[in-house]
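Trainee: Attaching a single structure in structure tokens format; questions to follow.
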Amino acid sequence: RLVWEGLPQTANSLAFLRPLLMILRERYSIEVHVVTDRTYFRYLGGYGKADATASLKNILSDIPFYFHEWSEATCANIICSCDLAVIPLILNDSFAAGKPENKLLLFWRMAMPVITSSTPAYTRAMGAAGMSYAAKDEAEWLTLLECLISDENARCSAGLMGKSYVERVHSEARLLAQWDAVFESLGFNFNGNEFTS
């Protein structure tokens, strides 16, 4: 059970995986779970209303997939019921390739193993966590997908390493300490709940 989560406008990135999923479908019983909004606007955030399920049926034709409407109450449970998260991005799209690692960290916070495209942010985070599940092309994606689909221990290890990294490097206490350092560099001093400049 592969899972993808994101805005419906970006679900077309799943088209990159379609030929690989067609190959893997012959070897494994796979399904794709998509967590996103049911409708979206194609233009300027308010024009050209579109149905995400119709787009996904096009993108993932011939591949078993399940649509889950994004909800804060159910999102984490749906993701955690799956085996492997995927974050495919089109690397020659500078906007997509320039995204930060937020989504990867979100999955890791849930101890989900993840395969990503090798953007600078994802590659850096993977390296810092001691993993190399960032793929630069179709061949690497296929190799990594097959590796984690076929090996439950590898998936478990990847999820736990990701969770450990997030807890170590991106904990709330560490984040607040970094903000404190920023404010202190600007001349503010924190004493308890008060600060002076």
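Trainee: Which three extents, in angstrom, do the Cα atoms of segment 1-88 have along their principal axes, listed largest first?
Mentor: The Cα atoms of segment 1-88 stretch 42, 28, 18 Å along their principal axes.
Trainee: Out of these labelled values of volume of the Cα convex hull per residue in Å³, [x] 180; [y] 192; [z] 156, which was calculated from the coordinates shown here?
Mentor: [z]
Trainee: Are there chymotrypsin sites (Phe, Trp or Tyr not before Pro) in segment 1-31 that DSSP marks as loop and that have at most 13 other Cβ atoms within 10 Å, and which are they? Each step should come with its number before you reach the end.
Mentor: Working: sites: Trp4, Phe16, Tyr28; in loops: Tyr28.
Sparse-neighbourhood loop chymotrypsin sites (Phe, Trp or Tyr not before Pro): Tyr28.
Trainee: To the nearest Å, what is the center-to-center distance of segment 57-131 and segment 135-185, using C-alpha atoms only?
Mentor: Taking the Cα centre of segment 135-185 as reference, the centre of segment 57-131 is 11 Å away.
Trainee: State, as an integer percentage, the relative contact order of the chain based on alpha-carbon contacts under 8 Å between residues 6 or more apart. Mind dumping the intermediate values first?
Mentor: On the way: 272 pairs, mean separation 34.1, N = 197.
Computed value for the chain: 17 percent relative contact order.
Trainee: If you don't mind, another one. Per DSSP helix of 4 or more residues, -39500 (n - 2.57); summed, then divided by the residues of the chain. What does that give at 222 nm, rounded to the nearest 500?
Mentor: -13000 deg cm²/dmol
Trainee: Taking the solvent-accessible surface of protein heavy atoms with a 1.4 Å probe, what is the per residue accessible area of the chain in Å²?
Mentor: Accessible area per residue, the chain: 56 Å².
Trainee: Still on this structure, please answer the following. Work out from phi, with θ = phi - 60° and the Karplus expression 6.51 cos²θ - 1.76 cosθ + 1.60, the ³J(HN,Hα) of each residue of segment 147-161, listed in order in whole Hz, and give x for Gly and Pro.
Mentor: Going residue by residue, I get 4, 7, 5, 8, 9, 4, 5, 5, 5, 4, 4, 5, x, 5, 5 Hz, with x marking Gly and Pro.
Trainee: For segment 91-164, run through the trypsin sites (Lys or Arg not before Pro) and keep only the ones in DSSP coil with at most 12 other Cβ atoms within 10 Å of their Cβ.
Mentor: Passing sites in segment 91-164 are Lys136.
Trainee: To continue, here is another question. Which one, Thr39, Val182, His170, projects farthest toward the positive side of the charge dipole computed for the chain from Cβ point charges (K/R +1, D/E -1)?
Mentor: It is Thr39, whose Cα lies furthest towards the positive end.
The values are calculated or read from the model by the stated rules, or taken from the named source; none is laboratory data. Predicted model, so just to flag it, every value in this text is computed and none were measured. FYI the Cβ positions are ideal-geometry reconstructions off the backbone, even for glycines, and counts take in every protein chain you see. For accessibility, only protein heavy atoms count, side chains too; no ligands or nucleic acids. Shrake-Rupley method; radii C 1.70, N 1.55, O 1.52, S 1.80 Å.
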